[in-house]
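Down below is the structure, laid out as structure tokens.
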Amino acid sequence: MSVFAVILGLIAGAILMIATGNNPLDGFYFLFRGGLMNIERVGNTLATATPLIFAGLSVAFAFKTGLFNIGGAGQMLIGGLCATAIGLTFDWPKPILLAVIIIAALIGGALWASLPGLLKAKFNVHEVVSTIMMNWIAYWIIFYIVPQYFKGPFLETESQRIPAAASLKVPWLTSLFSGSFINLGFFLAIIVVVISAFILERTTLGYELKAVGYNRDAAGAAGINVNRNVILSMAIAGALAGLGGATFYVGFASNMQIGVLPAQGFDGIAVALLGANSPWGVFAAAIFFGILHTGKGFMNAMTAIPPEIADTIIATIIYFAATSVLIERNWDKLLKFNRDNLLRRKKKESLEVEAGGDQ
Amino acid sequence: MELIVEMNNIRKSFPGVVACDDITFKVRKGEIHALLGENGAGKSTLMNILFGLYQQDQGDILLRGKKVNIANPNVANNLGIGMVHQHFKLVHNFTVTENIILGIEPIRALMVDTRSASARIEDLSERYGLNVDPEAKIEDVSVGMQQRVEILKMLYRDAEILIFDEPTAVLTPQEVQDLIKIMHNLIEEGKTIILITHKLREIMAVADRCTVIRWGKVVGTVNVSDTSEEKLAEMMVGRKVLFDLNKIEAHPAEEILKIENLSVRNSNGMLGLKNFSLGVRCGEIVGLAGVDGNGQTELVETIIGLRKPENGRIFLKGQDISSLSTRKRIETGMAHIPEDRHKHGLILDYTVQENLILKNYYFEPFSRNGLIDWDYVYAHAEKVINDFDVRSGQGVEASARSLSGGNQQKAIVGREIDGNPNLLVAVQPTRGLDVGAIEYIHQRLLEQRDQGKAVFMISLELDEILDLSDRIAVIYNGELVGVVNASETNENEIGLMMAGGKRGAVA
Ligand SMILES: Nc1ncnc2c1ncn2[C@@H]1O[C@H](COP(=O)(O)OP(=O)(O)OP(=O)(O)O)[C@@H](O)[C@H]1O
Ligand SMILES: [Mg+2]
């Protein structure tokens, strides 16, 4: 994870707090306390981080193959829709129902995202354009399907609540974290992080995907099927976001609202950026964002600092993460400058000592 | 004579290697000073330090007698130092003018004033005989022209000290002659040139003095008029270099590659290859001679499977492969040393060991059930880099990007020959290699042939074609001019054919 970006983001936040007449030490104290103060808040932090982990992995995975997946939000919606539909339709024992829900969300997201992959491979349609369009298509599909088939008892704008058997929330976990939102999705996220890292580092699949991402001409000349990898990479990215959708709509929440693109889909881009596109980096970045999101309300309650400051910190971190290459390069220079000065001074001293010596 | 550049006791290390070890290098004003050394000796590194791309760990640089600190290339520009890199740094969808003014755009009324820039570029181009069209897009111009754009870039910035890093590696013989003329023009206008090259003949032809480095250390500086190609080679490699190949008679057997009436469109949609037919037999080396841009790229890319033919067929071992995927062709025993090593040869962000499995990662013993066996991959890579003398700071774990240009080439050649292919399509196999490495690669190519494998070599170097080939095919304007036996021809005849002159008897 780009530590520089985080530090600079926090400094920028501190400056803002000072500028608005607040004590930044207090601010940060309550911000982090709000995210970590007790077991319930820790649980909420992890629960908030869960869909971010999936969304971040989705973006990171596609990026390894050189693709910008901006379609995380739509893929989450489709994954969530598959999960919700199955949860509301079938009356199976919980373990079976959850397994089917997870698989359905995974497949739904994968199919949804493979379409832009296909368009890219066959017609060279840029994935940024097509995934954004797919977001809106997903948005309108939910807009019509949810009121039509899964309408809630009171409101036209949201689905029925899923039954307890279809929820990733489980009583033992909820009570372990004294009533927090945390759910099985978090453990699923850890498993998926491990699997993603394994695929990228150890398997021929990961080797191919990265080869295509780094240099598609050379990959093609070496006999790697570039188009197949582009589609596959998008499908995997979609599957990851689809899973994120399931953990969000049948884990964190328990119904689907219409007319909303989940912000996590876009935050995933920031998470991937901050996590330097590595699975464990994404994991850490998502938890960090989880802390800020969970803590900002508490900070607002305990101080006069508006919660937007936390959002500003996040935004600044994203900004610095995006430019981190530059920062690190200059940082190296600074270090080197100091070292050079030191060396020069030492050299001078030693020259003075052995004055007259050669050079 | 007045010294313009003095680099004193320069040291620069990278992880695992000292690229420059206490190098002292002095250039006189107005001379052409050649820098010679094996692949990975540290030539590019030393010049990158002078150009401000790297900072030396130790040592001083004096320019015109004054000590300077060249923190970055902008400082170098301001001090009158310009560099043409081993791998060009141009923006492909920009015009010549846009590339040249990049970073120092003249501004008038808040707009980039390309008009006055263009005029000045035309002016410079004429003065030095560069013959560059300021409005052309880089992607549409030849490599030789791109290089002249790089030269203009330096001149536009009023550089006085011009560094050329292996400028002739990518040029056709004619373009080399042009470049030599340009260099003489530059010297007459009072410029100073530092020239890195592996081609001893060029050093003898243009340079005044030559500094030889080996393993990061200076071996010596000599006056070119007091030395010879043999002496330079010996200084550089540390042993006598055989300029004669030990080549036994070929025993060609059955035909392995058969190209039948092949027509291929080039990137502009025109027929770049027209009705081309040629056969290559097992146990022989067929060289394809021709001036660059006469259809070689289209031919090779179609053989490899990166381009679809318009007409005609290709047979490998009697099987029609015209519509097979690249992978299928590779599996039938075809290997390929590409023309552009950065575009088609390497994944620069992968390590050396990862690059060495680019064509075989997916089968045993490199991987099993989809899992890569990194221990095996490591051992395999160690063997290849030892066999082919690929030098790098961190061995097989160095990123391909960090290798010197010649070592990148050796890694590719090693990968392709190590697969022991039935047919090796080798485009400029020794581009950018030092004389020692060229000798070795040529031996290995002959060895392939003697083992009954086929080599189809495409080269712009007439010497390489004449020395190595058993038969020589000549291409001109997308058409086959003729095929001759290497033992029955000479440079003149091939030269004539390369200009399109047909030959009566086709062997
Ligand atoms: N950025 C880098 N990181 C790590 N090692 C490097 C880097 N640049 C160069 N090296 C190493 O330094 C050594 C010298 O490299 P350099 O590019 O100067 O060689 P060269 O003399 O130009 O060779 P060639 O003729 O092949 O171009 C090589 O061993 C190379 O691997
Ligand atoms: Mg070099």
### Query
Distance in nm between label sites at B:N311 and B:K502, each 7 Å beyond Cα in the beta-carbon direction?
1.7 nm
### Task
Pairs of Cα atoms under 8 Å, at least six residues apart: use those to get the relative contact order of the stretch A:65-140, whole percent.
47 percent
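Pull out the extension gain between A:S178 and A:I132, defined as 0.36 nm times the separation in residues minus the alpha carbon to alpha carbon distance; nm, one decimal.
Extra length from A:S178 to A:I132 when fully extended: 12.6 nm.
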### Task
Report the calculated FRET efficiency for B:D208 and B:L62 (r = Cβ-Cβ distance, R0 = 25 Å), to the nearest 0.05.
0.80
### Query
Which whole number gives the average, over all residues in B:358-369, of C-beta atoms from other chains lying within 10 Å of the residue C-beta?
3
### Message
Between helix A:24-36 and chain A, what is the angle of the helix's C-alpha long axis to the longest principal axis, kept within 0 to 90° and rounded to the nearest 10?
### Response
40 degrees
#### Entry: Coil-residue GluC sites (Glu not before Pro) of the stretch B:211-283, DSSP, other Cβ within 10 Å capped at 15
B:E249, B:E254
### Message
Please compute the modelled spin-label separation between B:S116 and A:V125, points set 7 Å along Cα→Cβ, answer in nm with one decimal.
### Response
4.8 nm
### Contact order normalised by residue count of the stretch A:125-261, Cα under 8 Å, 6+ apart, percent
35 percent
### Task
List the relative contact order of chain A as a percent without decimals, with contacts defined as Cα pairs under 8 Å and 6+ residues apart.
36 percent
### Query
What is the packing order of peptides A:13-23, B:30-40, taking the mean over residues of other C-beta atoms within 10 Å and listing the highest first?
B:30-40, A:13-23
#### Entry: Calculated FRET value between B:R239 and A:F143, using beta carbons and R₀ = 56 Å, to 0.05
0.10
### Task
Please list, in chain and number order, the residues 5+ apart from B:H336 or on another chain whose amide H is under 5 Å from its amide H, with Hs placed from the backbone.
B:V425
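Say a site is exposed when it is one of the trypsin sites (Lys or Arg not before Pro), sits in a DSSP loop, and has at most 15 other Cβ atoms within 10 Å; what is then the longest site-free stretch of chain B?
Result for the longest clean stretch: B:241-501.
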### Summary
In nm, the gap between the two label points placed 7 Å beyond Cα toward Cβ at B:Q443 and A:R202 is 4.2 nm
### Extension gain (nm, one decimal) between B:D140 and B:K217, 0.36 nm per residue minus Cα-Cα
23.6 nm
### Query
When the Karplus curve 6.51 cos²θ - 1.76 cosθ + 1.60 is applied with θ = phi - 60°, which whole-Hz ³J(HN,Hα) does each residue of the stretch A:41-48 get, with x for Gly and Pro?
5, 4, x, 5, 4, 5, 5, 5
### Task
Please go through the residue pairs B:K328/B:K359; A:K64/A:K120; B:K26/B:K410; A:K64/B:K343; B:K89/B:K343 and name each one whose alpha carbons sit more than 21 Å apart in this structure.
B:K26/B:K410
### Computed FRET value (nearest 0.05) for B:K328 with A:Y319, which takes r as the C-beta separation and R₀ as 56 Å
0.75
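Bear in mind that the values in this text are calculations on the coordinates, not laboratory data. Keep in mind that what you see is a predicted model, and the values were worked out from it rather than measured. Cβ sites come from the backbone with ideal geometry, for glycine too, and all protein chains shown count toward neighbours.
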